[in-house]
Amino acid sequence: MSSLLPRRLALWFLLLLQLSPLFVSCEEEKHCQPGPGEDSVKDVCRDIPNYDLCFSTLMADSQASRSCAVDMAPTVVIMLLKNVTSTRKHSLRLIHETENQTERKCLYVCNKLYKQVIRDLKAGVKAARVYEADAAFEAVTHTSRNANECENVFKTRRIASPLTPWNRNILELSGIADHIVRGAMV
């Protein structure tokens with residue numbers, strides 16, 4: 001029995017050596033900031049004007065809350081993509097429910113804008129995953145531009161936008177994503 005113990009320890013040691021590349025520390029991978037978890041989320045959100053929203057949003061996502069700063073970029077772009085997708089679905093529902101033709105036309109324009117943004121954000125997620133900050137950043141800025149454009153469609157027709165709360169959420173999340181993509185991926 002005593003001869004089995006050193007042999008088992010040697011086998012465990014060899015197994016750990018073989019698996020060690022899978023456990024790359026956060027610092028070794030793309031200059032990622034150490035300390036995944038709440039401290040990393042606090043560091044990332046520290047300079048964002050809407051700190052509370054940033055912190056609660058990232059901590060609510062299990063992947064972001066366990067990531068280092070660089071790895072939060074794709075996660076926050078995915079969150080933005082989900083938000084825009086949900087907003088687009090809501091706008092489609094409103095198109096079918098509204099009887100006001102002017103409002104319906106505005107909703108069609110917004111729906112088209114969201115469709116473009118969804119395509120761009122999918123490319124932005126891929127870019128963020130391979131640390132292509134410029135492409136990811138462009139997708140995020142395009143998102144906020146189109147959310148503003150959607151609101152302006154209603155303003156120019158002098159009618160209230162039923163999408164204002166949804167677009168406001170997109171803009172707030174875009175601001176967070178913008179900061180994280182620019183700051184964490186340089």
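The values are calculated or read from the model by the stated rules, or taken from the named source; none is laboratory data. Just so it is clear, the structure is predicted and the values come from calculations on it, not from any experiment. Cβ sites come from the backbone with ideal geometry, for glycine too, and all protein chains shown count toward neighbours.
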Discussion item. Only one of E138, E103 is of a type outside the set (V, I, T), farther than 25 Å from Y51 by Cα and surrounded by fewer than 22 Cβ atoms within 10 Å (Cβ to Cβ). Can you tell me which?
Written reply: E103
Item to complete: Would you mind stating whether V181 is outside any helix (DSSP H, G or I), under 15 Å from D71 (Cβ atoms), of a type outside the set (F, W, Y) and at pLDDT below 95?
Response: no
Worksheet item: Out of (1) at pLDDT 65 or above; (2) in contact with a Ser or Thr (Cβ under 9 Å, 6 or more places away or on another chain); (3) in a loop (DSSP other than H, G, I, E, B); (4) surrounded by fewer than 22 Cβ atoms within 10 Å (Cβ to Cβ), what's the single condition that is false for S67?
Response: (4)
Practice prompt. Go over the candidates R145, R168, R158 one by one and state the one that is among the charged types (D, E, K, R), surrounded by fewer than 22 Cβ atoms within 10 Å (Cβ to Cβ), without any contact (Cβ under 8 Å) to a residue 24 or more places away in the chain and at positive phi.
Written response: R158
Practice prompt. Specify the residue that is modelled with the highest pLDDT; the eligible residues are those in the stretch 104-163 that are part of a loop (DSSP other than H, G, I, E, B) and under 30 Å from D71 (Cα atoms).
Written response: V130
Worksheet entry | Pairs, first farther than 16 Å from K122 by Cα in the stretch 72-93, second of a type in the set (A, V, I, L, M, F, W, C) and not in a helix (DSSP H, G or I), C-beta under 9 Å, six or more apart | H90/L163; S91/L163
Discussion item. Could you check the stretch 103-123 and list, in sequence order, the residues that are of a type outside the set (D, E, K, R) and in contact with a Leu (Cβ under 8 Å, 6 or more places away or on another chain)?
Written reply: L107, C110, N111, I118, L121
Item to complete: Enumerate the pairs (first residue in the stretch 40-62 and aliphatic (A, V, I, L, M); second residue anywhere and surrounded by fewer than 16 Cβ atoms within 10 Å (Cβ to Cβ) and in a loop (DSSP other than H, G, I, E, B)) with beta-carbon separation below 8 Å, excluding pairs fewer than 6 apart on the same chain, so at least 6 apart or on different chains.
Response: none
